[in-house]
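Engineer: Below are the structure tokens for one structure; questions will follow.
The numbers here are math on the coordinates, done by the rules we state, and not lab data. Treat the numbers as computed from the prediction; the structure is a model and nothing was measured. Don't worry about glycine lacking a Cβ; one is built from the backbone with ideal geometry, like all the others, and counts go over all protein chains shown.
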Amino acid sequence: MSQLYFAYGSNLWPPRLEQRIGECVQIGGGVVMGYRLRFWKIGSDSSGKGDIVKADPFKDKVYGAVYRLTKSQQAALHQFEGRQYEVKELTVTTDNERLLAYTYLARSDAIQHGIIPFDWYKAFVVRGARHFCLPLYYQKFLQNITVKADPDIERNALNWAIANFRLSCQERTREV
């Protein structure tokens, strides 16, 4: 399996991923053609988590980020993502090249239509998209995702602390 990982959900935000597996190498933003982003994977907290599903190969695409992980980081990430996802290798196009990277796709028994993510989960995705300079229209799409407040005060505070972590590099946007 490739040591390149394509993140499109909460792991798109580097502080979220690094809180889980330690400091990792950021390759940069990229796109996977023929997939569509959904927030219907049931999380252990009963909220919606990110998933990508096969869709129109000419029209649909999912933007995200490519990270280079060590074997131990891969093992740690597999523990976090759990048995509700399948690992799949996909072609990711970056500004400079096409790469093979693995990602996680929700198993059909882990999908529930109508669930929505918590506000802090969306913040991870939106801030990651901004950090990796994903196209502005895609960032706007992410900003328009419906969310709900997390009723667990402790979990909410912990995740907002990660979401509000300031990175040393400047966050930018780009038009595409």
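Engineer: Bin width 10 Å, origin at 0, all Cα-Cα pairs of the chain: what percent of pairs per bin?
Structural biologist: Going from the shortest bin to the longest, the percentages are 10, 40, 41, 9, 0.
Engineer: How do 40, 160, 120 rank when sorted from fewest to most other Cβ atoms within 10 Å of their own Cβ?
Structural biologist: Working: 40 18, 160 15, 120 23.
Placing the least packed residue first, the sequence is 160, 40, 120.
Engineer: Neighbour counts of other C-beta atoms within 10 Å: give me 150, 56, 51, 119 arranged from fewest to most. Please list the in-between numbers first.
Structural biologist: Details: 150 20, 56 11, 51 23, 119 17.
Lowest to highest Cβ neighbour count: 56, 119, 150, 51.
Engineer: If I model a spin label at residue 141 and residue 111 as a point 7 Å from the Cα along the Cα→Cβ vector, what separation in nanometres do I get?
Structural biologist: 1.7 nm
Engineer: Excluding same-chain pairs closer than 8 in sequence, count the lysine pairs in the chain whose Cα atoms lie under 24 Å apart.
Structural biologist: Pairs that pass both the separation and distance tests number 28.
Engineer: How big is the charge dipole of region 19-176 about its Cα centre, in debye rounded to the nearest 20, if each Lys and Arg gets +1 on its Cβ and each Asp and Glu gets -1 on its Cβ?
Structural biologist: So the dipole magnitude of region 19-176 works out to roughly 220 debye.
Engineer: Sort 31, 25 so that the residue with the fewest other Cβ atoms within 10 Å of its own Cβ comes first and the one with the most comes last.
Structural biologist: Details: 31 20, 25 12.
By the 10 Å Cβ count, ascending: 25, 31.
Engineer: If you keep only loop residues by DSSP, which chymotrypsin sites (Phe, Trp or Tyr not before Pro) in region 44-95 have at most 14 other Cβ atoms within 10 Å of their Cβ? Present the calculation step by step, with values, prior to reporting the outcome.
Structural biologist: On the way: sites: 58, 63, 67, 80, 85; in loops: 58.
Qualifying residues, ordered by number: 58.
Engineer: How large is the convex hull of the C-alpha atoms of region 1-96 per residue, in Å³? Could you put the intermediate results ahead of the total?
Structural biologist: Working: hull volume 9.5 nm³, N = 96.
Measuring per residue, one finds 99 Å³ for the Cα hull of region 1-96.
Engineer: Another one. Please return the longest stretch of the chain lacking exposed loop sites, where GluC sites (Glu not before Pro) count only if DSSP places them in a loop and at most 10 other Cβ atoms lie within 10 Å. Walk me through the numbers before you get to the answer.
Structural biologist: Working: sites that count: 23, 97, 175.
So the longest stretch without any such site is 98-174.
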